[in-house]
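Input: a single structure, listed below in structure tokens.
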Amino acid sequence: MELNIKDILEKDEFSKSNIISLLESESEDRTLLFKKSAEIKEKYIGNKVWFRGLIEFSNICGKDCLYCGIRKGNKNLNRYNLSDDEILAAAKFAYTNRYGSIALQSGELESQFITDRIENLLHKIKELSNGELGVTLSVGEQKPTTYKKWYDAGAHRYLLRVESTNQSLYQKIHPNDSNHDFNKRLACLKSLQDIGYQTGTGVMIGLPFQTMDDLAGDLLFMKEFNIDMCGMGPYIEHADTPLIEHAGNLMPLKDRFDLTLKMIALIRIMMKDINIVAATALQAIDPIGREKAVKIGANILMPNITPGKYRDSYKLYDNKPCTDDSAEDCQSCLEARVSLADAEVVYGEWGDSKHYEGRRQ
Ligand code: SAM
Ligand code: SF4
């Protein structure tokens, strides 16, 4: 028997076909989905938002993901690597402004030098903040021993998007070589979880070749894997990447945006107490995109605190927003946005994933 959207939303568990129906919902049905996810957020998280001051500390990358503007093969951008002092000054800014946490993100490089550098920076960040700044890392695939070193040095959250859980789609959006191995990505996620990190993953939405079935599978994977944090955003094409050749077959940007909101609403309903990021890419499509995500389920925002002169060079996709703002601009703009979404920024707290706390007990 075909269930209607109202009946599906009353179920405790969604099947794949339920999820597809919700992803395809329109008009009043779509409103019902968003109403349900907003209620769940209110009940399990409250109307709150926590900041992670985002430091995009280097755009140097050893990989060649076919969608990404900072891929190794793109020669049309200036490569940069913040000095330790610049990173520490940005962390100090976050601490002084009571952000609670920072997120360190970069292209992916694996070497003893990087391992030691990040370990040393983590110690210094803890030192300058009396141990009070929480740290999320997002620096790609590394050895388990490296993850463990960084965990011991004070990093406690890690974001590694799986990008797509359909292996054949994963292979279409990455070069087919040992440097871009789907199973290695999964093994990294598992190792992060085993070490004790609050583990976050997510996917891009609206990729070429991607189907509703793929997206439903992604949500079921995240539930099954028992993630603590989710960061999902729309795929946005970049002119200097190989995937641009499929730009003509993509769904319109506004549909990718809408589908991302539905994915966020669904993961909020399916995994009630996880942390969900309102991705910057949403704002590249709709000026109040992140605010809309907060309204229907997201509870984490990542104000960019990378020094302004580098921002233009961390262009993952075309029209990336806020590349000419300063850290102060980002904060006041985000605060205004959050209050537009009737939510409140919580300062001076880590804002850890409640799901993680529950899982560890
Ligand atoms: N290098 C690390 C990694 O790949 O995990 C972290 C930095 S990487 C730039 C962060 C995320 O950017 C990726 O996981 C990917 O989902 C996203 N991204 C890259 N290119 C994108 C694009 N064209 N549109 C939307 N998101 C993109
Ligand atoms: Fe490098 Fe990450 Fe971009 Fe892939 S997504 S090319 S690993 S920065």
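The values are calculated or read from the model by the stated rules, or taken from the named source; none is laboratory data. No experiment lies behind these values; they were computed from the predicted model shown. So basically every Cβ, Gly included, is an ideal-geometry build from the backbone, and we count neighbours across all protein chains shown. All accessible areas refer to the heavy atoms of the entire protein, side chains included, with ligands and DNA or RNA removed. Shrake-Rupley method; radii C 1.70, N 1.55, O 1.52, S 1.80 Å.
Hey, any hits in segment 222-236 for a residue that's part of a helix (DSSP H, G or I), touching a Leu at 6+ places or on another chain (Cβ under 9 Å), hydrophobic (A, V, I, L, M, F, W, C) and crowded, with 20+ Cβ neighbours inside 10 Å? Checked against the condition, which is being part of a helix (DSSP H, G or I), touching a Leu at 6+ places or on another chain (Cβ under 9 Å), hydrophobic (A, V, I, L, M, F, W, C) and crowded, with 20+ Cβ neighbours inside 10 Å, segment 222-236 yields no hits at all. Taking the numbered list (1) within 30 Å of ILE173 (Cα to Cα); (2) surrounded by fewer than 19 Cβ atoms within 10 Å (Cβ to Cβ); (3) away from ligand 2 (no atom under 16 Å from the Cβ); (4) not aliphatic (A, V, I, L, M) in turn, ARG52 passes all entries but (2).
LYS124 meets each of the listed conditions (1) among the charged types (D, E, K, R); (2) open to solvent by 40 Å² or more (accessible area, probe 1.4 Å); (3) free of Cβ contacts under 8 Å to residues at least 40 places away in the same chain; (4) in a helix (DSSP H, G or I) apart from (3). Counting only residues that are more than 16 Å from ligand 2 (Cβ to nearest atom) and not aromatic (Phe, Trp, Tyr), how many does segment 107-142 have? Adding up the residues that qualify gives 21.
Within segment 159-177, which residues are within 14 Å of ligand 2 (Cβ to nearest atom) and more than 15 Å from LEU207 (Cβ to Cβ)? Hits for segment 159-177 are LEU159, LEU160, PRO175, ASP177. When ASP273, ASP214 are checked against the criterion of being at pLDDT 95 or above, surrounded by fewer than 21 Cβ atoms within 10 Å (Cβ to Cβ), of a type in the set (Asp, Glu) and touching a His at 6+ places or on another chain (Cβ under 9 Å), ASP273 stands alone in meeting it. The residue list ASN76, ASN81 contains one member that is in contact with a strand residue (DSSP E or B) (Cβ under 6 Å, 6 or more places away or on another chain), within 16 Å of ligand 2 (Cβ to nearest atom) and either farther than 30 Å from GLU237 by Cα or open to solvent by 40 Å² or more (accessible area, probe 1.4 Å) (or both), which is ASN81. Restricting attention to segment 144-167 and to residues that are charged (D, E, K, R) and within 15 Å of ligand 1 (Cβ to nearest atom), the residue that is nearest to GLU108 (Cα to Cα) turns out to be ARG161.
Is it true that LEU77 is of a type in the set (A, V, I, L, M, F, W, C) and assigned to a loop (DSSP other than H, G, I, E, B)? When the stated conditions are applied, LEU77 passes them. Only one of the listed residues (MET232, MET251) is aliphatic (A, V, I, L, M) and within 12 Å of ligand 1 (Cβ to nearest atom). That residue is MET232. When the residues of segment 86-117 are filtered to those that are of a type in the set (S, T, N, Q) and free of Cβ contacts under 8 Å to residues at least 24 places away in the same chain, the one that is least open to solvent (accessible area, probe 1.4 Å) is SER111. In summary, ALA247 fulfils each of the numbered conditions (1) in contact with a helix residue (DSSP H, G or I) (Cβ under 9 Å, 6 or more places away or on another chain); (2) open to solvent by 10 Å² or more (accessible area, probe 1.4 Å) with the single exception of condition (1). For segment 307-361, a residue qualifies if it is open to solvent by 40 Å² or more (accessible area, probe 1.4 Å), polar (S, T, N, Q), in a helix (DSSP H, G or I) and modelled with pLDDT under 70, and exactly one does: SER332.
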